[in-house]
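The values are calculated or read from the model by the stated rules, or taken from the named source; none is laboratory data. Computed from a prediction, not measured in an experiment: that's the story for all the values here. Glycine gets a Cβ as well: all are built from the backbone with ideal geometry, and neighbour counts include every protein chain shown. Keep in mind that these areas ignore ligands, DNA and RNA; they rest on the heavy atoms of the full protein, side chains included. Shrake-Rupley method; radii C 1.70, N 1.55, O 1.52, S 1.80 Å.
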Amino acid sequence: MKVLICGGGCAGPALALWLARLGHQVTIVERFPALRASGAQIDLRAQGIPAAHRMGILPAVRERSVDELGLSIIDEKGRSWAKIMANTSGKGPQTPTSEYEIMRGDLVQILYEKTNDEVEYVFGKSVDKFEQDDQKVEVYFSDGTSATYDLLVGADGLGSGIRKMLLPETSDPYFHTGFHIAYWIVPRIPSDSNLAEDYNAPGGRQIQRRSHSPTETQAYFILKDDAPEIRAIHRASEADQKEFWKQRFRNAGWQAERFIKGMETTSNFYSSEIAQVRLNRWHKGRVVLLGDAAHCASPMSGMGTTGAFVGAYVLAGELSKSPDDIGSALENYEKTLRPFVDKIQDVNFGFRRLVMPDTAWGISVARWAMWLVCLLRVPQLVIMFSNEGNGGWTLPEYPGLESHS
């Protein structure tokens, strides 16, 4: 087949890897002028680990992994109340720090290096519209050109343009969680350790710090606020976004002022609503959605990258089973993947709200509760007596999609 994938992040190149391996002609079109090898710290969990193993990229992920030891719950003076260390045993579920932590830019680079020889990458170009019939998809690009494909894949993220064109009747595909997030990079200082730090401030505010290199640290501001008008800030200019976060966190305590100062000069800033994409269908005709474009589970699920890799594997597998019947392949892709997506989207946002209290009293209670949980070694017991943490859903087997080194 001749396949066009829209989006050069994680999901698109993961699918391209499989399709090229199966002998298809694959092009990835990315609207940014170069590879977007940037972004925050991400990880692999549960089914994402064997999926990466079958892709043949797990050794490279290990080689470029972030040396994060675990997570420390701290107060306004930086004192640690509880620590949850990473599970590096290779057995049982992952803790908040996965065994496979990696910067998004490094993972994107790994996928690019793995696929570049067999996949055509086109940067600085996007899909303006498409038309399809039973035999083909005619795609019209932003530079005025057009081309014909057997399959068009929208792997273009949370705000997917392909999704808007494919399912125009879905005016709001988002489940709004009431949370918002911003992150950026600041210079590392001597007190920044390889333990991530998590700090709650009154007003439904949370600050996280993660240090991924000897010279750089990631700052995260997370805000709990249901007001619908706040969603618009993420579509404003970067200057307006930064001013919003500055005003909301300027008196938050701990290292808020340090991070706000670093925000003003960072070259790596991102602001977004934390939302899920919930759709009744992921395809129509010869056009299909993949990854966050189809079923974003939100950063609070911890399963975004895993969802992208598993979705790419299943889509490639079903296409390999029905190479002459794309319609059946896409139907089976949805049928096979839907139970997995239902599980990763089953995030207890009520609990998330509970662990981000609005008052100083509530924060104090939450810290004492975490202190007791860790004193009783509950996280270690959960790891010891739990299964592999795959939620009861295992990767299907597909001929031709076996493990590669």
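Scanning the range 324-377 for residues that are outside any helix (DSSP H, G or I), surrounded by fewer than 12 Cβ atoms within 10 Å (Cβ to Cβ) and within 24 Å of the chain's Cα centre (by Cα) turns up 346, 348. Here is the figure for the range 80-113: residues that are basic (Lys, Arg) and at pLDDT below 80 total 1. Looking across the range 147-161, the residues that are surrounded by fewer than 23 Cβ atoms within 10 Å (Cβ to Cβ), touching a residue at least 12 places away in the same chain (Cβ under 8 Å) and on the phi < 0 side of the Ramachandran plot come down to 147, 148, 149, 150, 158, 161. Among residues that are at pLDDT 90 or above and buried (at least 21 other Cβ atoms within 10 Å of the Cβ), residue 5 is included. Going by the conditions given, is residue 297 without any contact (Cβ under 8 Å) to a residue 60 or more places away in the chain and either aliphatic (A, V, I, L, M) or within 19 Å of residue 50 (Cα to Cα) (or both)? So residue 297 fits the description; yes.
For the structure I just gave you, tell me whether residue 230 is of a type in the set (A, V, I, L, M, F, W, C), over 27 Å from residue 68 (Cβ atoms) and either assigned to a loop (DSSP other than H, G, I, E, B) or touching a Gly at 6+ places or on another chain (Cβ under 8 Å) (or both). For residue 230, the condition - of a type in the set (A, V, I, L, M, F, W, C), over 27 Å from residue 68 (Cβ atoms) and either assigned to a loop (DSSP other than H, G, I, E, B) or touching a Gly at 6+ places or on another chain (Cβ under 8 Å) (or both) - is not met.
On the basis of being out of contact with any Lys or Arg (no Cβ under 6 Å at 6 or more places or on another chain) and either at pLDDT below 90 or small (Gly, Ala, Ser) (or both), does residue 379 make the cut? Yes. Restricting the range 101-126 to residues that are in a strand (DSSP E or B) and farther than 15 Å from residue 156 by Cβ, the residue that is most open to solvent (accessible area, probe 1.4 Å) is 120.
Only one entry in 80, 72, 98 is among the hydroxyl-bearing types (Ser, Thr, Tyr), under 23 Å from residue 370 (Cα atoms), buried (at least 20 other Cβ atoms within 10 Å of the Cβ) and over 17 Å from the mean Cα position of the chain (by Cα), namely 72.
Listed by first and then second residue, the pairs with beta-carbon distance under 8 Å, at least 6 apart or on different chains, first residue in the range 112-129 and basic (Lys, Arg), second part of a loop (DSSP other than H, G, I, E, B), are 114/56; 114/57; 125/31; 125/142; 125/143. Taking residue 21 as the residue in question, decide whether it is surrounded by fewer than 21 Cβ atoms within 10 Å (Cβ to Cβ), under 20 Å from the mean Cα position of the chain (by Cα) and of a type in the set (Lys, Arg). No, not satisfied.
Does residue 240 satisfy the condition of being more than 25 Å from residue 103 (Cβ to Cβ) and either open to solvent by less than 30 Å² (accessible area, probe 1.4 Å) or assigned to a loop (DSSP other than H, G, I, E, B) (or both)? Answer is no for this residue.
Contact map, the range 44-62: residues that are without any contact (Cβ under 8 Å) to a residue 40 or more places away in the chain paired with residues that are surrounded by 19 or more Cβ atoms within 10 Å (Cβ to Cβ) and of a type in the set (Phe, Trp, Tyr), Cβ distance under 6 Å, separation 6+ or inter-chain. No pairs are found. For residue 189, the stated conditions hold: it is in contact with a helix residue (DSSP H, G or I) (Cβ under 9 Å, 6 or more places away or on another chain), open to solvent by 50 Å² or more (accessible area, probe 1.4 Å) and at negative phi. From the residues in the range 207-225 that are touching a Phe, Trp or Tyr at 6+ places or on another chain (Cβ under 9 Å) and open to solvent by 20 Å² or more (accessible area, probe 1.4 Å), which one is farthest from residue 99 (Cα to Cα)? Across the range 207-225, the extreme among qualifying residues is 225.
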